[in-house]
Amino acid sequence: MTDLREPKYRWGQPVVAAIDLYNDGSMPELSEDLLLVVAGGPGEIVQIGHHGEANVPVYLVDFGVAVIGCLEEEIAPMTEALA
């Protein structure tokens, strides 16, 4: 059994979208490939899960307009983005 990869970010942490975030089909009520959040859009981590097969943390981020599942490379801490 592999050890779970520890999350880089914490619950409640303010973050920004590191890239433009599009609907990948996980929001079936919206058009696929619809731009949901532009890079730099602020959000807050509201839950942290784990993708078992890939052994990576998955963050649920509330961006105000939507709660989106993000990988670590898709978000950045608010302080880093402002620097």
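Take the residues of the stretch 45-76 that are of a type outside the set (A, V, I, L, M) and buried (at least 17 other Cβ atoms within 10 Å of the Cβ): which is nearest to the chain's Cα centre (by Cα)?
The qualifying residue nearest to the chain's Cα centre (by Cα) is Cys70.
For residues that are of a type outside the set (A, V, I, L, M, F, W, C), surrounded by 12 or more Cβ atoms within 10 Å (Cβ to Cβ) and over 13 Å from Ile68 (Cα atoms), tally how many sit in the stretch 30-44.
1
Yes or no: Leu71 closer than 25 Å to Leu4 by Cα, touching a Gly at 6+ places or on another chain (Cβ under 7 Å), modelled with pLDDT of 95 or more and of a type outside the set (Val, Ile, Thr)? Even if it seems obvious, please write down each step before you answer.
On the way: closer than 25 Å to Leu4 by Cα: yes; touching a Gly at 6+ places or on another chain (Cβ under 7 Å): no; modelled with pLDDT of 95 or more: yes; of a type outside the set (Val, Ile, Thr): yes.
No; evaluated as a whole, the condition is false for this residue.
Filter the stretch 9-29 down to residues that are surrounded by 14 or more Cβ atoms within 10 Å (Cβ to Cβ) and either part of a loop (DSSP other than H, G, I, E, B) or basic (Lys, Arg) (or both), then give me how many there are.
Total satisfying the criteria: 6.
Being among the aliphatic types (A, V, I, L, M) and in contact (Cβ under 8 Å) with a residue 24 or more places away in the chain is true for just one of Ala18, Ala39, Ala54. Which residue is that?
Testing whether each residue is among the aliphatic types (A, V, I, L, M) and in contact (Cβ under 8 Å) with a residue 24 or more places away in the chain leaves just Ala18.
The values are calculated or read from the model by the stated rules, or taken from the named source; none is laboratory data. This structure is a prediction, so every number in the text was calculated from the model and none was measured. Cβ: placed from backbone, ideal geometry, glycine included. Neighbour counts: every protein chain shown.
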